[in-house]
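Asks: Have a look at this one.
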Number of protein chains: 2
Amino acid sequence: MQRAILTVPTLTRYCNELLILSIIGTGKKHGYDLARELEEQSDGFFGFNHGTLYPILHKLEKDGLIRGSWKQEGPRRKRKYYSLTAEGKKYRASLLQQWEGFFTHFRAIIGETAP
Amino acid sequence: MQRAILTVPTLTRYCNELLILSIIGTGKKHGYDLARELEEQSDGFFGFNHGTLYPILHKLEKDGLIRGSWKQEGPRRKRKYYSLTAEGKKYRASLLQQWEGFFTHFRAIIGETAP
DNA sequence: TCTCTATATATAGAAAGTCTACATAACTAG
DNA sequence: CTAGTTATGTAGACTTTCTATATATAGAGA
């Protein structure tokens with residue numbers, strides 16, 4: 001059997017990427033806004049450190065999965081907005097599929113969570 | 001809201017612990033056997049490197065979550081068998097609960113996986 | 001007997017990735 | 001005009017896994 005990319009050791013990284021790609025997928029976002037939306041949508045459960053978020057965004061952009069463009073806003077303020085590329089959409093779909101596999105296998109081993 | 005311990009950054013570690021505690025929970029196991037069972041039960045999806053597994057077992061033992069005891073087997077062969085302590089059972093239950101919370105929030109953000 | 005493979009435990013150092021803290025700057029409300 | 005929020009970014013510490021190596025027993029096959 002082919003070993004999944006979403007094994008436990010790489011889990012953190014792929015989960016972060018999936019969260020980011022999913023939120024960007026709902027419309028153009030800049031980094032700071034993205035972190036806030038993640039926190040709001042999860043009732044504070046998830047939260048990116050900025051020192052974690054920005055390097056991941058840079059990496060995703062370098063890999064061609066998202067496209068960033070600076071936008072002048074106000075007289076001096078600039079924000080960098082990101083959107084998914086076609087490759088990014090494919091990548092997100094593959095991560096979702098991997099996630100399903102992970103969840104199924106993981107759940108089978110850890111058992112049910114009845115109280 | 002109280003921040004969960006099973007956030008994305010700590011996910012890998014807690015997943016590994018949960019897998020280990022779950023398999024040990026089904027009966028006394030030694031390390032090598034544990035790795036094999038994990039691989040078999042997940043159809044090869046999961047697999048521990050030995051360099052990862054043994055340090056985790058030592059840490060869990062040091063923290064009083066599992067108890068290890070050497071057992072003479074054959075004339076010269078020794079194996080170290082592990083079993084869950086009462087504290088380990090509680091810890092596993094808390095990890096399971098955290099996992100549920102994680103999954104619910106994560107799924108809400110990444111959306112459905114329809115093809 | 002000898003050799004190769006599997007079983008079994010363990011550790012050292014490399015590699016990957018996140019976290020904390022800091023740096024910079026503009027906007028906003030009082 | 002000052003304090004807090006918005007906004008992006010980097011450096012270095014820290015945590016954890018991964019790869020590779022070391023050691024030793026058991027069993028199968030030539």
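The values are calculated or read from the model by the stated rules, or taken from the named source; none is laboratory data. This is a predicted model, so every value here is computed, not measured. Here the Cβ positions follow ideal geometry from the backbone for every residue, glycine too, while neighbour counts run over all protein chains shown. What goes into the accessible areas is simple: the full protein's heavy atoms, side chains included, and nothing from ligands, DNA or RNA. Shrake-Rupley method; radii C 1.70, N 1.55, O 1.52, S 1.80 Å.
Asks: Take the residues in segment A:43-92 that are among the aliphatic types (A, V, I, L, M) and more than 9 Å from DNA strand D (Cβ to nearest atom); name whichever of them is nearest to B:Phe102 (Cα to Cα).
Replies: Going through the qualifying residues, I end up with A:Ile56.
Asks: Would you confirm whether any residue within segment B:85-92 is within 9 Å of chain A (Cβ to nearest Cβ) and open to solvent by 50 Å² or more (accessible area, probe 1.4 Å)?
Replies: Scanning segment B:85-92 turns up at least one residue that is within 9 Å of chain A (Cβ to nearest Cβ) and open to solvent by 50 Å² or more (accessible area, probe 1.4 Å).
Asks: Given the conditions (1) open to solvent by less than 90 Å² (accessible area, probe 1.4 Å); (2) within 13 Å of chain A (Cβ to nearest Cβ); (3) over 12 Å from the mean Cα position of the chain (by Cα), report the number of the one that B:Ala35 does not fulfil.
Replies: It fails just one condition, (3).
Asks: State yes or no: is B:Arg76 more than 10 Å from chain A (Cβ to nearest Cβ), farther than 20 Å from A:Phe106 by Cα and in contact with a Ser or Thr (Cβ under 6 Å, 6 or more places away or on another chain)?
Replies: Considered against the rule, which asks whether it is more than 10 Å from chain A (Cβ to nearest Cβ), farther than 20 Å from A:Phe106 by Cα and in contact with a Ser or Thr (Cβ under 6 Å, 6 or more places away or on another chain), B:Arg76 comes out as no.
Asks: Only one of A:Leu95, A:Leu34, A:Leu18 is within 21 Å of B:Phe102 (Cα to Cα), in contact (Cβ under 8 Å) with a residue 24 or more places away in the chain, assigned to a helix (DSSP H, G or I) and within 11 Å of DNA strand D (Cβ to nearest atom); which?
Replies: Testing whether each residue is within 21 Å of B:Phe102 (Cα to Cα), in contact (Cβ under 8 Å) with a residue 24 or more places away in the chain, assigned to a helix (DSSP H, G or I) and within 11 Å of DNA strand D (Cβ to nearest atom) leaves just A:Leu34.
Asks: Then there is this: When only residues in segment B:16-32 that are among the charged types (D, E, K, R) and open to solvent by less than 50 Å² (accessible area, probe 1.4 Å) count, which is nearest to B:Lys90 (Cα to Cα)?
Replies: So the residue we want is B:Glu17.
Asks: I'm trying to understand the selection: among the residues of segment A:93-115, which are among the small types (Gly, Ala, Ser), open to solvent by 50 Å² or more (accessible area, probe 1.4 Å) and either more than 21 Å from B:Glu17 (Cα to Cα) or more than 9 Å from every other protein chain (Cβ to nearest Cβ) (or both)?
Replies: Result: A:Ala93, A:Ala114.
Asks: Does B:Thr52 satisfy being outside any loop (DSSP other than H, G, I, E, B), open to solvent by 20 Å² or more (accessible area, probe 1.4 Å) and free of Cβ contacts under 8 Å to residues at least 24 places away in the same chain?
Replies: No; evaluated as a whole, the condition is false for this residue.
Asks: For segment A:45-61, name all the residues that are within 13 Å of DNA strand C (Cβ to nearest atom) and either away from chain B (no Cβ under 14 Å) or among the small types (Gly, Ala, Ser) (or both).
Replies: Hits for segment A:45-61 are A:Gly47, A:Gly51, A:Tyr54, A:Leu57, A:His58, A:Lys59, A:Leu60.
Asks: Another question about this same structure. For A:Gly64, which of the numbered conditions (1) open to solvent by less than 50 Å² (accessible area, probe 1.4 Å); (2) away from chain B (no Cβ under 11 Å); (3) touching a strand residue (DSSP E or B) at 6+ places or on another chain (Cβ under 8 Å); (4) not aliphatic (A, V, I, L, M) fails to hold?
Replies: Failed condition: (3).
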